[in-house]
Each structure stands twice: as C-alpha cells, then as structure tokens.
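The values are calculated or read from the model by the stated rules, or taken from the named source; none is laboratory data. Keep in mind it's a predicted model, so treat the numbers as computed, not measured. Note that we place each Cβ from the backbone using ideal geometry, even for glycine, and neighbour counts take in every protein chain shown.
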Amino acid sequence: MRIDDHPVLGPLEERKQITIIVDGEPLKVFEGEMIAAALIANGKQYLRKTVKSHSPRGIYCGIGRCTDCVMTVDGVPNVRTCITEVQDGMVIETQLGYGTWKQEKHQ
Amino acid sequence: MIEREIVVIGAGPAGLSAALEAARSGASVLIIDENHRPGGQLFKQIHKFFGSHEHRAGVRGIDIGTQLIEDASHLDIEVWLDSEVCGIFHEREVWVVRSRELSVTVKAKSIIIATGAVENAVNFTGWTLPGVMGAGAAQTMINIHRVLPGKKVLMIGSGNVGVIVSYQLLQAGADVKAVVEAAGRLGGYGVHTAKVRRAGVPFYTRTTVLEARGNDHVSEAVIVSLDDAWKPIPGTEKVLDVDTICIAAGLTPLVELAFAAGCRKVYSPVLGGMVPWHDASMRTNVPSLYIAGDVSGVEEASTAMEEGRLAGLSAAYSLRYIEKDEYDSRFNDALRRIDSLRSGMFGEKRRIAKHAIINHI
C-alpha cells in the first residue's frame, strides 16, 4: 500500500510508471523506487525462500546491511532489493536458497 | 592507484559534517557512500530534533540532511555514490568498488570512517517471518519509499526509536496495536511517548513478544508478561491481530571496516557493543584513521554531526591546514556543544561511557 498523502511530507509526487517482470508477470511500478518497496507496495508476501527449510523471508533492516531481502535480478542472484532501484524491463525472481547464476551453454 | 588527501567513508550526518569541516579548513575531500543518495538515515527522520538552538533543535532530520548536502555542494567536495568500500589496507589505501563493476584503490593521507550502525534483532519463535522488521526499516519504508509495510503493527521496545517510529506509523496511516517493553518502565522521551499514548496506543511494560505466527507473512503475534527474573509468566499470553512486528531494540555500530583496518576494540555496552578505541579528537590507534558518529558508539544524529566536525577538523589539523589557535577554538566549540548534548537524564550515561572509551588503556 502506498502512502499517497502525508501530514508532514505532503502528497506523493508524480512519478513515471515503468514495468518490471516479477516471476514472469509484468508489474507497473514507479521509476526511482527500490525493488523491495515496489513489491511490498503491491502486496508481495515474501521475497525469497531459504535453502533447507524453504521458509519465507522479507525485508529486515531495509538499508542494505542484513541481506534478508535478496532476490535474483536480471539473472544475478543475491541482489539486495531494499537498496536496488527498479529499471524498466528488469526481470526479478523470487529466489530459492542461494540462487543460481546464468550458466554458459556447453555444446 | 589514485591519491586524495582526506577520504570520508559514509555520507550520513557524521560523514557529511566531517567532510564539510575538513573542506572548510582547506583540505581536499573525497566522500564515499554505497547508497544512491547521500544523507544516510537523516532523510527518514521526519520528526523535530531535540537539544538547543545551536544543535538545530526543532528542525526535522530531513531538513538538516538537505542543508548538509546543500552546504557540501558549495565546497569543493568530491562525492562518489553507489560506491562500496570493501577494505582499508596499509593504513591508507581504501579499496572501493564503484557501481558494482569498477575496482579502485584510493591512497589517502587521512581516512574518516563514518559507517554508522545497524539495528539489532530479537530472537523469538517466528522472528524470521516476513513482516518482522527493524523499526528503522519500517521508518525507511514509510518516510522514504512512501510504502506502508503493514496496516496493523506491534512495536517491540519503548525507547526513542520505538515511540518515534510508532508515531510516524500512525501518521502514515497504520494502526499501532501495542508497544511492548520488557523493562519495568518506558524508555523514550516523554514528549514522543505521550503523543503515541494520546493516540490511544496501549503500552505494556514487563512484556515481550513470544511468537510471530503466519504462513508466508506475519498474521498474528503472541505477547506475554515477564516476571522479575525476565521469564514469561504462563497464562498471561495475549494474541494480537497484526501483520507487522517492528523491533526497536537498539543498534550495533558498523565496525567491520575499522576493525579489519587494525583499530583496537573497546567494549561499551551503553554505546552499542564493541567500538574502535579513539581519543577526544576521534583519532584511533591507527594514526591515519579517524572515526565519527554511531560507529564510535551509538548516540543520536545531533551528536554524530558534532563528532564528524571534531574528526574533520582534527584530520585537517594533522595535515597542517589550520593553525593551532584556530584548531583549538573550533575544536573547543564543538566539544562544548557535545557536552551539552551529553547531559541530562539520557545524556549523562552516554557521557560517562564515552569518557570510558577515550580513557581506556
């Protein structure tokens, strides 16, 4: 849920809408916002699942220290989504465990 | 390898103040921060600061941040953003990865470490569930990203962070269901506590969180009363309908860089744990290394700014940019302002703890 109006900060400024792909589905978000903020605003319940127990994780510190919020972004695993801005066309995947890097195809 | 005179690591209140003071003294300054924007955690602090007029009391953190960045833009300060400092070698070499792809080593004459602090976690059943987060994380979400992380919040901890963030969650439109405090009395400034209380939020002392429940996200919290030995009292459990649990249980200094660079460790429970030893001028046992702000012991942004000034001034003086008379006068001004911040019911404990670090042998 977005905070459209605020008693101290005023109304939310107009921002350009862009599209990201989250687990294969397109999602409209705002330019300049962080991945985790955009996903939480759109009601995503968790950002990754752990390697052994597959238990869900979300944000914890929100400032890039704890790495609880990591996801696979444009094929790169373990990206801290709380401090990484969305880009138009960005491909974001809910990460399982440590994630996997893009593999070079062997012939 | 490139060379710079003074390298400041961290562009929060302490780092920006250090950079400003050093640049005003005539030194050339490079300030490095891993974030996309400078200001550190100042921009999420939308409340008015305490202290006297000269401490910018009555001014919101967000406006202080804007002013610091504005001041820096008028001075010849080089700023590297999106740049992570990964290590400090041979006392003077700062290894930086810029934009996640370019490795650069900067050789500095002096380095000021102002890396700040990170929130503590509290371990309870279900604490890893999404929806359990630091109070500061919730504050970042609502005040910077303008996103409400949840609608029904339980706050753990009644210190300043706990009550200030509770109030800001209310301002942002959330329902704060309760503030719980394990101690027997509330920990925050009266004025903030009273604002939250007046909004109808119940406070429970001698109470803690027992469990977070939910499948993929928090959907309930269980709180419980504590006896005099801090043990949960069976039968006193209460189930709260919440989707977010915020933890305001203090902060820990981000000391990794300083310790890896050879700074001596001193334990200060009042100021957040292990901190690098430093003298009154904020210099560590490594002569080229200074520290300032929460990394040197967790206090408040106003104190961090004064410590930044001490460090920036001292680094510039050590490089002979200013004469002793001018140094003494500017240094003593900052010291006097710090002393008044470290007075009163909350400040006195911090003043004693700080002196214990400085006098630690």
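Out of all the residues in the stretch B:117-156, which are more than 16 Å from the chain's Cα centre (by Cα) and of a type in the set (Ser, Thr, Tyr)?
B:Thr125, B:Thr128 - these are the residues of the stretch B:117-156 that are more than 16 Å from the chain's Cα centre (by Cα) and of a type in the set (Ser, Thr, Tyr).
Within the stretch A:7-24, identify whether any single residue is surrounded by 10 or more Cβ atoms within 10 Å (Cβ to Cβ), facing chain B (nearest Cβ under 9 Å), over 24 Å from B:Asn35 (Cα atoms) and not small (Gly, Ala, Ser), and answer yes or no.
yes
On the given criteria, is B:Ser329 assigned to a helix (DSSP H, G or I), surrounded by fewer than 20 Cβ atoms within 10 Å (Cβ to Cβ), of a type in the set (Ser, Thr, Tyr) and modelled with pLDDT under 95?
no
Go through the stretch A:60-87 and give me each residue that's at the interface with chain B (Cβ under 10 Å from one of its Cβ atoms) and under 18 Å from B:His217 (Cβ atoms).
A:Tyr60, A:Cys61, A:Gly62, A:Cys66, A:Asp68, A:Cys69, A:Cys82, listed by residue number.
Can you name the number of the only condition in (1) in contact with a strand residue (DSSP E or B) (Cβ under 9 Å, 6 or more places away or on another chain); (2) more than 8 Å from every other protein chain (Cβ to nearest Cβ) that A:Leu47 fails?
(2)
So that you can scan it fast, the table gives a plain yes or no per residue for (1) touching a residue at least 40 places away in the same chain (Cβ under 8 Å); (2) outside the structural domain of B:Asn160 (by TED's automatic domain parsing); (3) crowded, with 18+ Cβ neighbours inside 10 Å:
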position	(1), (2), (3)
B:Val295	yes, yes, yes
B:Tyr317	yes, yes, yes
B:Asp333	no, yes, no
B:Arg336	no, yes, no
B:Ser343	no, yes, no
B:Lys349	yes, yes, no
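Output the number of the condition that B:Ser110 fails; it satisfies all remaining conditions of (1) within 20 Å of B:Glu181 (Cβ to Cβ); (2) in contact with a helix residue (DSSP H, G or I) (Cβ under 7 Å, 6 or more places away or on another chain); (3) more than 8 Å from every other protein chain (Cβ to nearest Cβ).
(1)
For the stretch B:153-191, what are the residues that are within 12 Å of chain A (Cβ to nearest Cβ) and either of a type in the set (D, E, K, R) or touching a Lys or Arg at 6+ places or on another chain (Cβ under 7 Å) (or both)?
B:Tyr167, B:Ala174
Among the residues of the stretch B:118-145, write down those that are crowded, with 22+ Cβ neighbours inside 10 Å and farther than 30 Å from B:Pro232 by Cα.
B:Thr140, B:Met141, B:Ile142, B:Asn143, B:His145
Against the conditions (1) at pLDDT 95 or above; (2) over 30 Å from B:Arg336 (Cα atoms); (3) aliphatic (A, V, I, L, M); (4) out of contact with any Gly (no Cβ under 7 Å at 6 or more places or on another chain), where does B:Ile111 fall short? Just the number, please.
Unmet condition: (2).
Could you figure out which of (1) touching a residue at least 24 places away in the same chain (Cβ under 8 Å); (2) on the phi < 0 side of the Ramachandran plot; (3) out of contact with any Cys (no Cβ under 7 Å at 6 or more places or on another chain); (4) surrounded by fewer than 24 Cβ atoms within 10 Å (Cβ to Cβ) isn't true of B:Met274?
So B:Met274 meets the others, but not (1).
Could you tell me which of the residues B:Val222, B:Val176, B:Val239, B:Val218 is crowded, with 20+ Cβ neighbours inside 10 Å, among the aliphatic types (A, V, I, L, M) and not in a loop (DSSP other than H, G, I, E, B)?
So the residue among B:Val222, B:Val176, B:Val239, B:Val218 that is crowded, with 20+ Cβ neighbours inside 10 Å, among the aliphatic types (A, V, I, L, M) and not in a loop (DSSP other than H, G, I, E, B) is B:Val176.
Please work out which one of (1) at the interface with chain B (Cβ under 8 Å from one of its Cβ atoms); (2) at positive phi is the condition A:Ser55 fails and give its number.
(2)
Quickly run through the stretch A:25-44 and pick out the residues that are in contact (Cβ under 8 Å) with a residue 40 or more places away in the chain, more than 7 Å from chain B (Cβ to nearest Cβ) and assigned to a strand (DSSP E or B).
Listed by number, the residues that qualify are A:Val29, A:Phe30.
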